[in-house]
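Enquirer: This is the structure I have questions about; it appears just below.
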Amino acid sequence: MNSAVMGKCWSDAITVAEKATSELKKVLLDSEIISFDKELPLFLRSYTAGSVFTRTAWLGVDGFQKEKKHHEANELLTLLLSQQTYLPHYRGKWFERLIVNAKHLKMSTDKVQDIIRSALTDQFVHHAHKFSFSARLLKLKNDEEKAAKLKEKKHKNRRKKAKLDDETEGEDENVIADHSAFKESNADDKLLVFLRCKVPEKYIEGEKMFL
């Protein structure tokens, strides 16, 4: 596996990772193995078959991502995060990669925030990772608030424009009416036309119009 990763033979790395994942699933289903391995100290547990399979599967995540198979990478990461027996000190890295892939998979903001909250409450995630996740969660919330304010502003501008258009249409109707009255008046008289506009408590005096 290491030679495949170092040589950037990602297809080979994926093949090895898939075999390791298959074996890891079998181990996770064996309650006796899990119970025995959990009793081991962490430094000894890292040499068990389950830890070897977990580490190999983790290396395969890079292969999936290099091949732009982000969905498969996230499925593998989800499997690794579903257990806390093997390589628990890697969980911060797994969460981090899961969040990064969420952008490629165009996950909703709510779903990404749920992943971050899960990482923040995970007892095995290092404080440095939690600090990074907290900053990311805060940024997502701020971006969400800015987007909501911008949407509200655009909505208000549309309503304001619609209202202005209605007022302008009413003014045009008044101008047409006044112009009709002007045409029907005595052509020998010089008239001063006042165009009424829908401005509160005000009138706009128009220009003098002559025959």
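Enquirer: Suppose every K and R has +1 on its Cβ and every D and E has -1 on its Cβ; what is the size of the dipole of the range 1-119 about the Cα centre, in Debye to the nearest 20?
Expert: Numbers: 17 positive and 14 negative charges, 84 e Å.
Dipole magnitude for the range 1-119 comes out near 400 debye.
Enquirer: Output wanted: per-residue J couplings in Hz (rounded whole) for the range 67-83, from phi through Karplus 6.51 cos²θ - 1.76 cosθ + 1.60, θ = phi - 60°, x for Gly and Pro.
Expert: Those phi angles translate into 8, 6, 9, 5, 5, 5, 4, 5, 5, 5, 5, 4, 5, 4, 6, 6, 10 Hz.
Enquirer: Something else: Got a sec to turn the phi values of the range 25-34 into Karplus ³J(HN,Hα) couplings, 6.51 cos²θ - 1.76 cosθ + 1.60 with θ = phi - 60°, whole Hz, x for Gly and Pro?
Expert: 4, 5, 5, 5, 8, 8, 5, 5, 5, 4
Enquirer: Still on this model: Report ³J(HN,Hα) in whole Hz for each residue of the range 13-18, in order, from the Karplus equation J = 6.51 cos²θ - 1.76 cosθ + 1.60 where θ = phi - 60°; Gly and Pro get x.
Expert: 4, 5, 4, 5, 5, 5
Enquirer: Can you give the local net charge around SER51? Use residues other than it whose beta-carbon is closer than 13 angstrom to its beta-carbon, Lys and Arg +1, Asp and Glu -1.
Expert: Values: positive: LYS38, ARG45, ARG55; negative: GLU23, ASP37.
Result for the neighbourhood of SER51: +1.
Enquirer: Moving on to the next point. If the cut-off is a Cα-Cα distance under 20 Å, which lysines reach LYS25, setting aside same-chain residues fewer than 8 apart in sequence?
Expert: The qualifying lysines are LYS38.
Enquirer: Can you tell me the length gained on complete extension of the stretch GLU144 to HIS126, counting 0.36 nm per residue apart and subtracting the Cα distance?
Expert: Values: separation 18, 0.36 × 18 = 6.48 nm, distance 2.70 nm.
Fully extending the segment from GLU144 to HIS126 adds 3.8 nm.
Throughout, read-outs are computed from the coordinates displayed, never taken from laboratory work. Just so we're clear, the structure is a prediction, and the values are computed from it rather than from any experiment. Cβ sites come from the backbone with ideal geometry, for glycine too, and all protein chains shown count toward neighbours.
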